[in-house]
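Read through the structure below, which is laid out as structure tokens, and then see the notes.
The values are calculated or read from the model by the stated rules, or taken from the named source; none is laboratory data. Remember, predicted model here, so these are calculated numbers, not experimental data. FYI the Cβ positions are ideal-geometry reconstructions off the backbone, even for glycines, and counts take in every protein chain you see. Keep in mind that these areas ignore ligands, DNA and RNA; they rest on the heavy atoms of the full protein, side chains included. Shrake-Rupley method; radii C 1.70, N 1.55, O 1.52, S 1.80 Å.
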Amino acid sequence: MDLAFTPEEQKFADEVRAFVRANLPADVRDKVKNGKHLIRDDYMRWQQALGKKGWLVYTWPKKHGGPGFTPAQRYIFENICAEEYAPGIIPFGTKMVGPVIYTFGSEEQKSKYLPAIRESTVWWCQGYSEPGSGSDLASLRTKAEKNGDHYIVNGSKTWNTMGHWADWIFCLVRTDPKSKPQEGISFLLIDMKTPGITVKPIIMADGGHEVNEVFFDNVKVPVENLVGKENEGWTCAKFLLANERLGIAAVPQSKRGVEALKDIARAEQEDGKPLIENQSFAEKIADLEIQVTALEFTELRVLSQMAHGGQPGPEVSGLKIRGSEIQQRITELTMEAVGEYAAPYLPGLLWQGTNEEPVGPSYAHLAAPRYFNTRKTTIYGGSNEIQKGIISKMVLGL
Amino acid sequence: MDLALKAEHKAFADEVRAFARENLSPATREKTFSGKHYDRDDHMVWQQALGKKGWLAYTWPKKYGGPGWDVTQRFLFENVLAEEGAPRILPFGPKMVGPVIYTFGTDEQKERFLPGIRSSEVSWCQGYSEPGAGSDLANLRTRAVREGDHYIVNGQKTWTSFAHWGDWIFCLVRTNTEVKAQEGISFLLIDMKTPGVTVRPIIMTDGAHHVNDVFLDNVKVPVENLIGKENEGWTCAKFLLANERLGIAEVPASKRGVSVLRQIARSEPQNGSTLADDPAFTAQIADIDLQVQALEMSELRVLSTMAQGGAPGPEVSTLKVRGSEIQQRIAELTMEAVGEYAQPYQPGMLFQDTNETPIGPDHAPPAAPRYFNMRKTSIYGGSTEIQKNIVSKMVLGL
Amino acid sequence: MDLSLSDEQKQLKDAAERFVRDKYTFENRRKIAATERGWLPENWSQFAELGWLGMSFSEEDGGYGGGPIETMIVMEEFGKGLVLEPFLPTVVLGGGMIASAGTKAQKEALLAPMIEGKKQFAFAWLERQSRYNLADVSLKATKEGAGWSLSGHKGVVYNAPSADHIIVLARTAGSAREPKGLTLFIVDAKAKGISRRDYPTQDALRASELTFDKVSVGADAVLGKVDEAFPVVEGAVDRAIVALCAEATGCMDAINAATLEYIKTRKQFGVPIGKFQVLQHRMVDCFTNAQEARSMTLMASLKIDDKDATVRAKAASGAKVQIGKSGKFCGQSAVQMHGGMGVTDELSVSHYFKRLTMIDLMFGNQQHHLTRYSNLAMAA
């Protein structure tokens, strides 16, 4: 056992840092650093730079065009990107549909879709949840009926993240309404430009627009867009959810979040002294830091098992649970640090990047909206209640 | 609405205090404040003094020999006694079986049993739980078969507090096995001296002997010891449990616990000063203090409803839940206040009046045992999980 | 970076597992706890034969060249069995301090026989007023000819009843609570002037209150440098904390396994109580807590040899905070899910609960280490 990086790993870290510094657009870095909202183009510029380097799909094996990083390299890559204020890689193509396609897709599908995912020239989004199927995903009703060499898709998807920026959507659809819920589901790729698709924004508690409802009204989808076998889409769905849960812990982002919180606590004053000198507040930060460390080492233990040929099991659900709670706690403490100046609501500054003067310090207006918004982390990607259900069944055998 | 006390209530409080100072033995009082275990005499001598004064059955109406106090008087009585270090009144006679007898019993039964309860000449214990019937009380199996003018009782009761001191036990027994679980249960009074009754101690994790298994082997019980109708004992059982839940919050004892905790903090050395100068620790005391106050106001609200003629509803379950959590937290903080000196195990100091000098300060020996022992409070009298189910079903309609 | 066990470490884990399985069934442990010593000499000899008493010491010191990971592996298994043999006071604390500060002569006279299983130690640092402050020491050592004379009181000294030597932290200079001016002395447990009051602890270990009345020791009794003991003690205690964390992790595994088994078999309302979602989620929280405890213990074990003292101290305190939090959660939850049975002496659950509780109180509880971690992090 050894925590230290080997000289090769050290060299790799230097290379990643140099790359990020050279290729991350300064305005994007600035937005991430100051907690501002990013637009599509911000993500695309960074992801395409990574794509060109061959690092965008850093979790993919070599044979599908990934860099074939070791777990240590993955860890280094993710941490340095976060430290350098790179935006998080949008997972829908790279971490979700990509691996599904290279695991379950045909050779034609691989050559058609994978290059654009690797290079980030196509934006993907996810069509899983439905108004009646949240935690109970398998009860989904969006129907795909075969008609010659096409499926005709009808229904609606919800909580669709960034669908308003997407070129393609991967969907779970019901192809056999007669069998058990899990058995009649298929995994379908749909071009967002197909006639019959409508995207309707959902405005969140913080006033932001990041998720949508997507309506399908007699949408014609070629049968060759089916991934895997018909009615076996649940296998892809489960595979994807397990993959998603690993990265969803967002440890590097949380580490960065704790640092940002400390900066704010140093800037905020209380009784003529920086807030960070308030023992009880400092201890809250310390407690959070310990939680992040515990999560990081749990993730490292999983990665280490994977490096020795193990597969991430259902226990990675635990990472999602703790990761999401920690993200929430960071925003909560940040808001606490800001204090009364968290109250002013400045949508212009938040959403449009106007030149308005902030009320209070420059980070203040973000604190409360982030706290509100981050409540989502214990709900999405399978709510924490669902994750506990998974562990209880699959790990504990209850 | 008025929180202030009227003059006659102030006079009443003074009277209670004077009575306690006169009649409570200093040795018993000392055990209360140092957290040591009482023996049978500590309880009996005190309860008989209360009985002589007519105050033991202080919740009973006048008609049955109670003092007929209003809600404020009850509140004052409980609080003053707790402040003065009186042991809690063992509930099995005055708070449990007594009200069942005067509510459901015959006139003969009232005459026969109530005086002994009021005077504390007879001590009672409770035969409810069984090895297979804990939270699921209605699952009990102890059988009572009618034979002429007797029942023949066979079975086992468990967790019977103070059965080793008890003269009588009130039992839930199964008199009909053909019907639904709740419908075949009867409420029976059994003299502990009857042949076939055996008591076996259960030793708790702190080494204490409070609870017992009670074995009933062909015990002959006269039919006139049946309370209410045969097979309708579940009505008595529910009535008793609802009564129990109210007092079980133990607010006065918790108030005393907080003040003792503050005293301990003032006496515990730390870094050349005392623990009372440690803001992290005093903040934790403040937090539990506020929890006690919130609980007290909730209880007062219930009492006020009762004073207007209302009956305590299922929401008293929340008082039991919070009350037990608070008692546990006080015990936990007290142990933390003691620190390293909570580690020595000193059974002599706990259970016998030895002349041993304690290791560490006087308050050290009971600290950890009490913490361990208080875990029971969220288990007995209907576990926290059961109470929450009651609230969820009966209050929230879930 | 590599977090997997080597083949030798895997074998060590297997051996420790086997020892606990064979020698520490719950009933066996109860018998061992009831003996006068509170532990078994035959088990101690077996530790020596298996090389566990010397595994974490350098070959130069007569050990087998392992380190904190080896200690972690063994302590974790000890936690699963609630092992009573005084490994922590003798090997981790006593042996650890002699290895880090002892002279060649002291190592030969004390460390070598300890590794062979022939000597045991106790570490006396705490005093009535100390709470968790390692420098709050008033037991005085004054010069007496070439040697020293020790007078004062020490409390909750684990393994003092069985120890051959007591390692005593004494004040030789400076004012109360000053880190400078502290000196360690290795004192023969039977030295004239030491009186002992022995007792069991809540979790069935053995400890003593010690009174030193003009106890004379030679100059060669000084361990390390006069007035400069504090960093040695702090380092040794941090190592002991990490070892305790490993033990706690083992306790949590065992208590969680027992609880899981119980809720799968205990039936109420016609079903195993593990079918109720509220218990399922609580059980999951227990496992998540144990995972975090394991992660932090591993982190601390990997960092406790770091060159930077702040890194070491932060690692130990961070792990201790986690163990306090997780241990309390797992212990309290296990009792609750066992119902009344969880509070009885009869089942193992209450014994794990008591051990976890005492571990939190040893060398600083959760709050103490949160403060320490916070201050270290802020100073960095």
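Table for the structure above
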read-out	value
R0 of 22 Å, Cβ-Cβ distance C:LYS264-A:GLU385: FRET efficiency to nearest 0.05	0.60
Fluctuation leader among A:ALA22, A:ALA337, A:ALA13 - chain A, Gaussian network, Cα springs under 10 angstrom	A:ALA22
Amide N of region B:111-125 lying under 17 Å from the label point, which is placed 7 angstrom from the Cα of B:ALA27 along Cα→Cβ	none
Of all DSSP beta bridges in the protein assembly as shown, antiparallel share, percent nearest 5	85
Evaluated over the protein assembly as shown, the Cα radius of gyration and Dmax, each in Å	33.6, 106
Peptide-level mean, for C:266-279, of C-beta atoms on other protein chains within 10 Å	4
0 to 90° range, to nearest 10: angle between helix B:233-247 axis and chain B longest Cα axis	10
Helix-derived mean residue ellipticity, 222 nm - over chain C, DSSP H n ≥ 4, -39500 (n - 2.57), to 500	-16000 deg cm²/dmol
10 Å Cβ neighbours from other chains, averaged over peptide C:366-379	5
³J(HN,Hα), Karplus 6.51/-1.76/1.60, whole Hz, each residue of region A:65-76, x for Gly, Pro	x, x, x, x, 4, 6, x, 5, 5, 4, 4, 4
Surface share of carbon and sulfur [accessible, 1.4 angstrom probe, percent] for chain C	52
Binned Cα-Cα distance frequencies in chain B - 10 Å width, integer %	5, 21, 31, 27, 13, 3, 0, 0
Residues of region A:230-290: accessible area per residue with a 1.4 Å probe, Å²	42
With DNA, RNA and ligands ignored, accessible area of C:LYS325 (1.4 Å probe; Å², nearest 10)	60
Mean projected area (nm²) of the alpha-carbon convex hull when region B:220-377 is viewed from all directions	13.8
21 Å Cα cut-off, lysine pairs counted over region B:124-231 (separation 8 or more, or different chains)	6
At most 16 other Cβ within 10 Å, DSSP loop - trypsin sites (Lys or Arg not before Pro), region B:130-216	B:ARG141, B:LYS180, B:LYS193
Global form of region C:52-140, assessed from the alpha-carbon gyration tensor, a/c cut-off 1.5	oblate
Candidate lysines - alpha carbon under 19 Å from A:LYS31, same-chain residues fewer than 8 apart omitted	A:LYS255, A:LYS262
Convex hull projection area averaged over all views, chain A, Cα basis, nm²	21.1
Inter-part distance where region B:18-49 and region C:12-90 are each reduced to a Cα centre, Å	48
Selected from C:LYS225, C:LYS275, C:LYS104 as most flexible by GNM, with chain C as the system and alpha-carbon contacts under 10 Å	C:LYS275
Whole-angstrom gap from region B:88-127 to region C:238-284, using each part's C-alpha centre	41
Region C:292-315 and region A:303-343: distance between their alpha carbon centers, rounded to Å	21
Chain B: angle of helix B:279-307 to the longest principal axis, Cα-based, in degrees nearest 10	40
Rounded, prolate or oblate (a/c below 1.5 giving rounded, otherwise prolate when a/b exceeds b/c) for chain C by Cα gyration tensor	prolate
Table column - 3J(HN,Hα) (Hz), region A:226-233, Karplus curve with 6.51, -1.76, 1.60, x for Gly and Pro	6, 9, x, 8, 4, 6, 10, x
Degrees between helix B:7-23 axis and first principal axis of chain B (Cα, 0 to 90, nearest 10)	90
Low-density loop positions, trypsin sites (Lys or Arg not before Pro), region C:1-72 - DSSP coil, at most 16 other Cβ in 10 Å	C:ARG37
Other protein chain Cβ atoms within 10 Å, averaged over every residue that makes up B:199-205	4
DSSP loop GluC sites (Glu not before Pro) with at most 15 other Cβ within 10 Å: longest gap in chain C	C:117-345
Cα gyration tensor, region C:124-244 - rounded (a/c under 1.5), prolate or oblate	oblate
Share of carbon and sulfur in the accessible heavy-atom surface of region B:1-130 [1.4 Å probe, %]	51
Accessible area of B:LEU275 in the full protein assembly, 1.4 Å probe (Å², nearest 10)	10
